[in-house]
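The structure under discussion appears below in the form of structure tokens.
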């Protein structure tokens, strides 16, 4: 075991926060192609105007640190809506008290630049009707107006809980996570009142929880899921990947490789839990063994947190895959901090000292 | 102590349920002046039409068993909106496992008749723009589509929790109550997407919880509170009053009388907790003493559950009233079942055997 839950103030000081950055301080050469909203009432007004002019709104909720995964969701939203609202808010209630809220990457200027570039791309292509119309970048006080946002499981506040889904998989090691996610999404859905909201399949449990919330609470927003976007080598894109560095990034590929091995078993006709999961476990064990034989300056160690084969709606663990329903195969692993770095080695943001939790998943489609 | 938490299957069999009653079976002579919706999609379509024609919707959420209190909320809504949607749904998740869900009065036909009469009244008056346009009377499966509605405090489901407000006062003796109320109101707000929603001041903690929920979740519906409607003698109207009967109804007036005594102290310039509350306690003690001296066929016994003097926003108990904020004075008492009835006595629905919990409150306005 390593000190997974340490916080890294170094990263916090390295990174910008959005707190004092507004649209007025943006350093783009041309005027921005979208408005930036820090508060709710003016956004509501825009929304009402759009509604009455029969325009449609797609919401893409993010915590900033935008990468190609986010941009692909926006591209998808642009094909299905006239107006896209991107929210950027690092939501404190989904981080546990010992998690990486303070070190979560905050990259406002580059996020805005990426969205500007994407709007230019959408205009040139002219195949999608949609454009980014607004960024919603609320303060914490706007999102949590009455009580300070609590990260304690028994803390006070106004929360949405989706049980038992929120206790499974990621929820087992992160007990407040999905309460925080559901809560902030309910707020965003109420504020934006979008026709559609877009989430990446990479956070598959999040998609299941949010779909359930929308169904149970009759939220008038359709949930759309975008495929996981991967680096060329297969690593699922994630805002936290910047902490990996070259060595851990290479070894971290084991996650996708293990999932693909299990997928291979399913596609080859296997449907029993153990025969499917053993294929993944075998890959993880082989790579961990290989690393263990190397010296501290060469290796990158990790722990498998879970490998799950679950029902797509209830997320209950399956003994046998129902061919009519398929399954969700998902896994999480914790990349330990590097024990020793080599001179000149690219160890990533935080110098290889930040533990990184990687998650990934594959959907097993029904066979029939 | 008496068997407060017994359920009364007698009442259940006496009363109609809405389950099989639809608009088609209504026995009104003229066609109904409003539509009845059992499911969400057609209501959403109506709502969208209203929105695009610049009409405004007021939602009046009820559990049926309509009385003058509900009707006064609808009259208020009619002055502020063009269209009123009344929801009638006995919400299972706000009843504890040992509370009176099964015996809660269900009076569909008379509810519909009252709403028809009120629409006729509104048309004749012609001073209010609004009319009742729709009743939303959803099934439990529509409101709780994925899991059976749980009344257990640690039960599974999709819930809204508003803490610490939900644990105070009524929440102390009814731990799931405000979770159920907040959850069903969030669903109704999402379904109806009303400009305004109307609640009675009689359930004062409910108004505080719902206002907080709307603020914290940025619900786009304004909450409007209607004054408590009282019988001529002062008893606050409540759907549960039908269980009182003449004798308990008379004694139950002690609740309002006690509150009025404390209000008198406040209006006379007193602001300390004990000097205000002692005025109420004195009344309650006097009446209970008087009853104790009577025989079992004459008396109606009760227990004071709480008398509270609380901050209007946080509901925290006050030692001294802040003259700039005022206070909420509230109380609950439990009317015990009659010990003995007299021949021909009107003991109310359930024959005097149903314990009845009465609540009431007064708002102390700021002095400045």
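The values are calculated or read from the model by the stated rules, or taken from the named source; none is laboratory data. The structure presented is a predicted model; accordingly, all values stated were derived computationally and were not measured. Because the Cβ atoms are built from the backbone with ideal geometry, glycine has one as well, and the counts that use them run over all protein chains shown.
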* Asked: Of these, A:55, A:44, which one is in a loop (DSSP other than H, G, I, E, B) and modelled with pLDDT of 95 or more?
  -> A:55
* Right, residue A:106: within 14 Å of chain B (Cβ to nearest Cβ) and either surrounded by fewer than 21 Cβ atoms within 10 Å (Cβ to Cβ) or part of a loop (DSSP other than H, G, I, E, B) (or both) or not? -> no
* Please find, among A:118, A:147, A:136, A:122, the residue that is within 14 Å of chain B (Cβ to nearest Cβ) and buried (at least 21 other Cβ atoms within 10 Å of the Cβ). => A:136
* Structure fact -> The correct count of residues that are closer than 19 Å to residue A:122 by Cα and out of contact with any helix residue (DSSP H, G or I) (no Cβ under 8 Å at 6 or more places or on another chain) in segment A:31-68 is 3
* Structure fact -> Among the residues of segment A:138-167, the number that are assigned to a helix (DSSP H, G or I) and in contact (Cβ under 8 Å) with a residue 60 or more places away in the chain is 2
* To do: For segment A:251-283, name all the residues that are surrounded by fewer than 21 Cβ atoms within 10 Å (Cβ to Cβ), within 13 Å of residue A:360 (Cβ to Cβ) and touching a strand residue (DSSP E or B) at 6+ places or on another chain (Cβ under 9 Å).
  => A:260, A:263
* Structure fact -> If you go through B:303, B:339, the only one that is within 22 Å of the chain's Cα centre (by Cα) and modelled with pLDDT of 95 or more is B:303
* Asked: Can you pull out the residues in segment A:315-329 that are in contact with a helix residue (DSSP H, G or I) (Cβ under 8 Å, 6 or more places away or on another chain), in a loop (DSSP other than H, G, I, E, B) and surrounded by fewer than 16 Cβ atoms within 10 Å (Cβ to Cβ)?
  -> A:319
* Can you pull out the residues in segment B:168-186 that are within 12 Å of chain A (Cβ to nearest Cβ) and free of Cβ contacts under 8 Å to residues at least 60 places away in the same chain? -> B:182, B:186
* Which residue out of B:204, B:192, B:229 is on the phi < 0 side of the Ramachandran plot and within 11 Å of chain A (Cβ to nearest Cβ)? -> B:192
* helices (runs of 4 or more DSSP H) fully within segment B:168-267 counting 2 or more residues that are closer than 24 Å to residue B:90 by Cβ and outside the structural domain of residue B:50 (by TED's automatic domain parsing) -> B:245-252
* **Pick from segment A:151-164, criterion facing another protein chain (nearest Cβ under 9 Å) and within 21 Å of the chain's Cα centre (by Cα), ranking: farthest from residue A:41 (Cα to Cα)** => A:164
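Table: residues versus (1) touching a residue at least 60 places away in the same chain (Cβ under 8 Å); (2) part of a loop (DSSP other than H, G, I, E, B).
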position: A:277; (1), (2): no, no
position: A:280; (1), (2): no, no
position: A:296; (1), (2): no, yes
position: A:304; (1), (2): no, no
position: A:309; (1), (2): no, no
position: A:312; (1), (2): yes, yes
* To do: Tell me which residues, restricted to segment A:187-216, are touching a strand residue (DSSP E or B) at 6+ places or on another chain (Cβ under 8 Å) and without any contact (Cβ under 8 Å) to a residue 40 or more places away in the chain.
  => A:206, A:207, A:210, A:211, A:214
